[in-house]
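FYI, it's all coordinate maths here, none of it is from the lab. No experiment lies behind these values; they were computed from the predicted model shown. We place every Cβ from the backbone using ideal geometry, glycine too, and count neighbours over all the protein chains shown.
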Amino acid sequence: MRTLTIDLGSETRPLNRFFDHCVGAGRAGEMLRAQALAQLSTLQQACHFRYLRFHGLLSDDMAVLTRAQDGTYWYNWQYVDLVFDEMLARGIRPLVELGFMPDCLKSGEQTVFWWKGNITPPARMEDWAALVEALARHVTARYGSDEVARWYFEVWNEPNLPIFFAGTMADYFALYDATVAAIKRVDARYRVGGPASAGLDEGAWITEMIDHCAQSGAPLDFIATHSYGVDGAVDEYGLDTHRLKAKKDPVVTDVRGVHALVQASAMPHLPILFTEWSSSYTPRDNVHDSYISAPYILHVLKQCEGYAHSMSYWTFTDIFEEPGPGPAPFHGGFGMLNIQGLKKPAFHAFHWLCALPDTELPTGDGDSYAAMDAAAVHVLLWDYTQPEQDDVNERYFIRDLPPKPLADAQVNLRGLAEGAYTLETYRAGYLHNDVYTLYLRAGLRELMGRETPTRGQVEALRQASDGQMASLTPLRVGADGQATLTLPMTENMVVRLVLRRVGS
């Protein structure tokens, strides 16, 4: 039997909340939509993320830059203002990814994604630097320098991959140098970093970036990079096939590897921000919809604690158009919420993790958390069992996948005050807050390409997967201050317990 022992009288520590530091969205233009903003409100009510990152702030659909006939440039910040205002109103700040290239500054025609983000370096670096400086001066005037000093500015996205940057490493360093100089001219406190790279098996320019800045004197305030848990080609349009990596913790390996690189560098104290991570880097992989994603997220985050300052999950919503709009309600999109706003198991994993109080208690168990405040004791535990796949993700995770039973988990609570309590139990796993399996069982996947679910069907799925409590149980604690809870478990189950004293 798996055993957790939680003693309220034991030595506590502040909970490391690196998991709620940042979350991702697709691109800036998508954040102008009412539905995306409504989902951001839902997310923030549950999780209270501190930063939001997305692509395309400077791409042409945001209309930030126009060249007049006389060759002068006109800046237009109205859409930028709309996006940032709505974010700040919801208590979430920008982690500003600077990219892609406005059409009137481009040096070539190469683009990425359905929405044609230009990936070329600027034709004239001074024009790019002027744009970046103008943006920094505008947000300073609008929000104040003390506010903007709390933001992050990340230079480009995955420039080490040719799909995202049509230049060399030297070209990227030139872009970075011009960008950081432009921002620091506005306020030296503003935080700028990179290389926002991917593919940690080859180091992803981490050491080279630090060495370049150490030698050139260019400021570097943080390292940004990415990691995903699959093998397969980088998949711009979701047309390739992928499989979860054979090793159980590929993202954990990457995070700890980057930490080791930074520790061994000339700048060992740089904050490490994983500004994208997920089980899979393709936006058409139903592992994102599966109940397996909930314990996967929790397992990875628990193992990365202390090795990264931030782990920004990619993404919070399926209103996301890199390969074009999603073709069905559950199409393998990155989001914690689908297009209709239905909560996937990934949403519940983050909600329950972010709901933990700030005082952490030891559990003696590596796949769990316990935390308390004056109102309650929270316990979050899970099993992550990597599936024994007989096919690639794109064919494996479109099935109904019942789990195997596991031995019960036993939670031993010590140091409780004598009295009456209520025990709230929540579950996310197979057929528990498992909207995707319910969708499959209802035969709705077969509608893809012909029809979408009715409003009634969507509402039924919503009610069956909205994070509702599985049970509310009275509990009496005697003078010994002890309680023992026995929890049935299956593979890839997440269980949340909240113990509240009656009348407290």
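Worth pointing out:
- Here the sum of -39500 (n - 2.57) over DSSP H runs of 4 or more residues, divided by the residues of the chain, equals -8000 deg cm²/dmol at 222 nm, to the nearest 500.
- Between the residues C304, V477, G257, the greatest Cα displacement towards the positive end of the dipole of the chain, with unit charges on the Cβ of Lys, Arg, Asp and Glu, is found for V477.
- Pairwise centroid distance, computed over Cα atoms, of region 24-85 with region 89-154, Å: 10
- Translational diffusion of region 347-504, µm² s⁻¹ [Kirkwood Rh, Cα pairs; Stokes-Einstein; 4 °C; 1.567 mPa s]: 73
- Degrees, to the nearest 10: 78-89 long Cα axis against longest axis of the chain: 30
- Distances between placed amide hydrogens fall under 5 Å for E97 paired with F54, E154, all partners being 5 or more residues away or on another chain.
- Footprinting exposure proxy for C22, C104 (fewest neighbouring C-beta atoms within 10 Å first): C104, C22
- Note on the chain: lysine pairs with Cα distance below 28 Å, sequence gap of 8 or more or different chains, count 18.
- Rounded to the nearest 20, the Cβ-based charge dipole of the chain about its Cα centre (Lys and Arg +1, Asp and Glu -1) stands at 1100 debye.
- Convex hull volume of the Cα atoms of region 86-203, normalised per residue: 127 Å³.
- By the Cβ distance rule (another cysteine Cβ under 4.7 Å), the unpaired cysteines of the chain are C22, C104, C213, C304.
- Relative to the longest principal axis of the Cα atoms of the chain, the long axis of helix 345-354 makes an angle of roughly 90 degrees.
- Share of pairwise Cα-Cα distances greater than 20 Å in region 62-126 is 41 percent (whole percent).
- Amide H contacts for A409 (H built 1.01 Å from N in the peptide plane; partners 5 or more residues away or on another chain; cut-off under 5 Å): L487, M489.
- Annotation for region 346-388 versus region 192-232: alpha-carbon center distance of 31 Å.
- Computed Kirkwood radius, in angstrom, where 1/r is averaged over Cα pairs of region 237-320: 14.1
- Magnitude of the charge dipole for region 238-281, about its Cα centre and with charges confined to Cβ atoms of Lys, Arg (+1) and Asp, Glu (-1), is about 200 debye.
- DSSP beta bridges fully contained in the chain are about 60 percent antiparallel.
- The alpha carbon convex hull volume per residue for the chain rounds to 153 Å³.
- Helix 455-464 vs. the chain, principal-axis angle (Cα, 0 to 90°, nearest 10): 60
- Peptides 431-441, 155-165, 285-295 ordered by average Cβ neighbours within 10 Å, highest first: 285-295, 155-165, 431-441
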